[in-house]
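Coordinate-derived values only; no laboratory data. All of these numbers come straight from a predicted model, not from anything done at the bench. All Cβ positions, even for glycine, are placed from backbone atoms using ideal geometry, and neighbour counts span all protein chains on display.
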Amino acid sequence: MALDSMTLDIVATMVAALLGAMLLHFGRQENTPALRWWGAAYILGAVAIALWTLVGEVYGVVVSLFLSAIGLVATAMVWNAARVFHGKPPSVIGLVLGALVWITSGMLLDPAAQSLRLTIGAAIVVIYAMLTAAELWQERRRTLHRRWPALIVPAMHGFVLMLPILLGNMLRDADGAFAAAWVTIFSIELVLYAVGTVFVIFMLVSERIVSAHKRAATTDPLTGLLNRRGFADACAQLIAREAREQRPVSVLIFDIDHFKSINDRFGHAEGDTVLKLFADVVVNNLRLTDLSGRIGGEEFAALLPCSIEEAMVAAERVREAFAASGVVCEEKPVDTTVSIGVAGGPAGTELDVLLAAADTALYKAKRSGRNRVEAASELPLSLERYRRQRAAAAAGAPPVQPGQAVVSS
């Protein structure tokens with residue numbers, strides 16, 4: 001059964017309009033500007049196809065040029081939507097440049113040079129398609145794994161557009177058979193491209209939403225550091241990676257000294273300021289390869305892929321920087337000191353074991369006068385015994401004596 005070109009154009013118009021309305025709806029619902037850009041592009045493209053099909057040939061070349069220019073603006077809007085999706089401002093010049101080139105070339109070229117005009121128009125669309133693919137591919141460096149459709153869909157669209165340009169001279173289409181076949185193929189491909197692009201759009205948006213929810217679930221909203229859950233998950237991955245290379249790891253536990261008195265004297269707002277300040281101090285004085293998180297009220301922790309000796313140097317650097325931060329609350333200076341416990345272990349040591357040893361060293365630092373760094377002399381032989389000792393200490397029971405399974409002082 002032969003496919004009528006007008007029928008295909010009507011189908012393309014209806015599909016583009018439907019997809020555009022859907023994208024606009026979800027763009028408003030999710031408050032996503034990029035979706036609104038994509039939706040508007042589809043609606044404008046549907047209008048351009050419909051007008052060109054109905055009146056393009058009736059009113060001659062000039063009207064056809066301007067209607068085609070509207071379609072090029074819609075194509076440019078798809079590219080701008082990809083820019084907005086990545087947080088970039090839309091390109092106003094890029095939005096109209098392709099249409100202006102198309103209209104100018106149409107006015108200057110001989111009316112008989114139909115093939116050359118089609119070549120210019122196809123080249124403009126291909127450029128926009130490649131720019132769109134480049135924008136969508138930019139997130140390949142992030143934790144979004146299904147990137148290939150974002151490149152393949154626009155690339156295939158560009159290839160179909162360039163096909164008559166690549167093969168036209170070889171086929172020497174004297175009777176117009178190749179051109180007619182290509183128009184049919186392009187009309188079908190246009191519908192598939194519209195649907196495929198929407199699939200890519202929703203794939204990218206859904207992955208971004210999932211990624212945002214995951215970050216929210218693993219990030220402390222006050223300090224921006226990892227929360228306890230996020231810290232544990234990230235540490236498990238880092239420890240496994242270091243274990244494969246047989247490299248040691250170390251843990252630091254920080255506890256801000258007399259933090260309760262800061263809250264009592266100046267209020268929780270000032271206390272939150274001190275917490276955020278300390279988080280900044282930790283981040284600025286550790287390496288990019290180190291992990292840090294807030295694991296309790298005023299307790300923070302860090303995992304360093306290094307020996308305990310290097311970790312002690314890093315801990316001392318954090319302690320000195322926080323002590324010199326010079327916080328003032330209600331025109332009164334506030335002592336900002338921190339006690340730090342450090343523990344290190346061989347490759348593959350579990351995080352809970354390192355935290356238990358570092359926590360014991362932290363208690364030693366606090367009992368020794370605070371504002372100091374202490375290292376654990378050994379790892380706990382039994383985490384269960386460590387937890388019982390920790391609970392007993394919190395309840396005010398006599399501390400476990402040295403020489404038992406958990407180091408204490």
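Roughly how large, in nm² to one decimal, is the mean projection of the convex hull of the alpha-carbon atoms in the stretch 240-322? Hull-based average projected area comes out at 5.6 nm². The phi torsions of the stretch 260-268, fed into the Karplus equation with coefficients 6.51, -1.76 and 1.60 and a -60° offset, translate into couplings of 4, 5, 5, 4, 5, 7, 10, x, 5 Hz, rounded to whole numbers, with Gly and Pro shown as x. Put simply, the amide H of Leu222, placed in the peptide plane, has no neighbours under 5 Å, leaving out anything fewer than 5 places away on its chain. Sorted fewest first by neighbouring Cβ atoms within 10 angstrom, Glu310, Glu245 come out as Glu245, Glu310. Residues whose amide H lies under 5 Å from that of Gly348, counting only those 5 or more places away or on a different chain, are Ala243; hydrogens are built 1.01 Å from N in the peptide plane. Residue ranges 106-113, 283-290 sort as 283-290, 106-113 when ordered by packing (mean number of other C-beta atoms within 10 Å per residue, highest first). Between Lys332 and Thr7, the contour length at 0.36 nm per residue exceeds the Cα-Cα span by 109.1 nm.
Quick check: net charge around Asn285, other residues with Cβ under 12 Å of its Cβ, Lys/Arg +1 and Asp/Glu -1? Within the 12 Å Cβ shell, the charges total -1. Relative to the present Cα-Cα distance, how much length would full extension add between Gln29 and Val210 at 0.36 nm per residue of separation? Length gained between Gln29 and Val210: 63.5 nm. Each of Arg228, Arg117, Arg215 was scored by other Cβ atoms within 10 Å of its Cβ. Listed from fewest to most, they are Arg215, Arg228, Arg117.
Of the peptides 236-242, 12-18, the ranking by mean beta-carbon count within 10 Å, highest at the top, reads 12-18, 236-242. Other residues lying with their Cβ under 14 Å from the Cβ of Gly369 contribute a combined charge of +2, Lys and Arg counting +1, Asp and Glu -1. Amide H contacts of Thr337 (H built 1.01 Å from N, in plane; Pro and chain starts excluded): Asp257 sit under 5 Å, all sequence-distant by 5 or more or on other chains.
For the stretch 38-130, the set of chymotrypsin sites (Phe, Trp or Tyr not before Pro) satisfying both a DSSP loop assignment and a count of at most 13 other C-beta atoms within 10 Å is given as Tyr59.
Ranked by how many other Cβ atoms sit within 10 Å of their own Cβ, fewest first, the residues Ile201, Ile93 fall in the order Ile93, Ile201. Ellipsoid fit via the Cα gyration tensor, the stretch 228-394: semi-axes of 27, 18, 14 Å, each the root of five times an eigenvalue, largest first. Taking 0.36 nm per residue of sequence separation and removing the Cα-Cα distance, the Arg370/Glu316 pair yields an extension gain of 18.2 nm. What's the FRET efficiency of Leu277 with Ala217 using the Cβ-Cβ distance as r and R₀ = 22 Å, to the nearest 0.05? Once rounded, the FRET efficiency stands at 0.30.
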